[in-house]
Amino acid sequence: MRRPIFSTAFAALAALVWSFTPFALHGRILTSGKTGMTAHQFTFEGIDGQPIALAGYKGKPVLVVNTASQCGFTPQYEDLQALHQKYGGQGLVVLGVPSNDFGAQEPGSNTQIQAFCETRFGVEFPMTEKQVVIGGDAHPLFRWIAAEAGEAAAPRWNFHKFLIDGDGRLVGTWPSRVRPVSAEITGEIEKLLPR
């Protein structure tokens with residue numbers, strides 16, 4: 001069935017307007033607690049088949065990023081690895097969450113994704129198995145993020161970043177265009193590192 005021209009034009013206009021909103025270009029520092037839950041209540045299956053319980057990261061900041069291997073932002077894996085190398089020894093956990101939700105840009109299997117990340121970008125930080133990150137079928141962590149910070153905080157594309165503090169609270173979110181090594185993000189990470 002053909003989509004009416006008006007609805008197609010409206011969708012294109014909405015996407016254009018969104019891409020120029022301040023939130024699309026910059027992050028938000030949040031005060032969370034709306035749900036009464038924390039990120040420490042959630043678990044992922046790791047890309048290697050081992051569980052990743054976020055409760056295991058109590059006391060450490062966690063930067064959660066939904067990733068994809070065939071995206072224009074895929075080179076941000078280098079930045080994520082740089083953050084892991086610079087701050088991992090001080091307590092930061094970088095957690096990559098591969099997703100095929102945007103542009104079908106993560107079509108590979110978990111084994112293929114892991115091999116790509118390790119050989120192409122030298123990724124050493126933890127990665128989950130491929131996940132849905134938007135909508136009703138999203139992994140519970142991403143549904144919690146939307147409940148905590150509103151739907152505007154949900155990922156809009158690959159390489160959206162979410163910062164969780166050592167108590168499991170969502171404290172910051174940045175869109176794809178903000179590089180992981182930007183002062184905007186590293187400044188917030190440094191505030192959260194254990195002293």
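The values are calculated or read from the model by the stated rules, or taken from the named source; none is laboratory data. A quick note: this is a predicted structure, and the numbers were derived from the prediction, not measured. Reconstructed Cβ throughout: ideal geometry from the backbone, glycine too, with neighbour counts over all protein chains shown.
Which condition number in (1) modelled with pLDDT of 95 or more; (2) more than 18 Å from residue 71 (Cβ to Cβ) is the one that residue 174 fails?
For residue 174, the exception is condition (2).
Looking at region 51-73, I want the residues that are under 26 Å from residue 120 (Cα atoms) and free of Cβ contacts under 8 Å to residues at least 24 places away in the same chain and have a partner that is surrounded by 13 or more Cβ atoms within 10 Å (Cβ to Cβ) and of a type outside the set (D, E, K, R) with Cβ atoms under 7 Å, at least 6 apart or on another chain. Which pairs are those?
51/43
Inside region 161-186, can you point out the residues that are touching a residue at least 40 places away in the same chain (Cβ under 8 Å) and out of contact with any helix residue (DSSP H, G or I) (no Cβ under 9 Å at 6 or more places or on another chain)?
First, pick out the residues of region 161-186 that are touching a residue at least 40 places away in the same chain (Cβ under 8 Å): 161-181, 184-186.
184 - this is the single residue of region 161-186 that is touching a residue at least 40 places away in the same chain (Cβ under 8 Å) and out of contact with any helix residue (DSSP H, G or I) (no Cβ under 9 Å at 6 or more places or on another chain).
What is the number of the single condition among (1) under 23 Å from residue 42 (Cα atoms); (2) part of a loop (DSSP other than H, G, I, E, B); (3) of a type in the set (A, V, I, L, M) that residue 189 does not meet?
Only one criterion is unmet by residue 189, namely (2).
Quick one: which strands (runs of 3 or more DSSP E) lie wholly within region 47-152 and hold at least 1 residues that are touching a Ser or Thr at 6+ places or on another chain (Cβ under 6 Å), modelled with pLDDT under 95 and buried (at least 19 other Cβ atoms within 10 Å of the Cβ)?
none
For region 112-126, does any single residue satisfy the condition of being within 19 Å of residue 39 (Cβ to Cβ) and of a type outside the set (Val, Ile, Thr)?
Yes, region 112-126 has at least one match.
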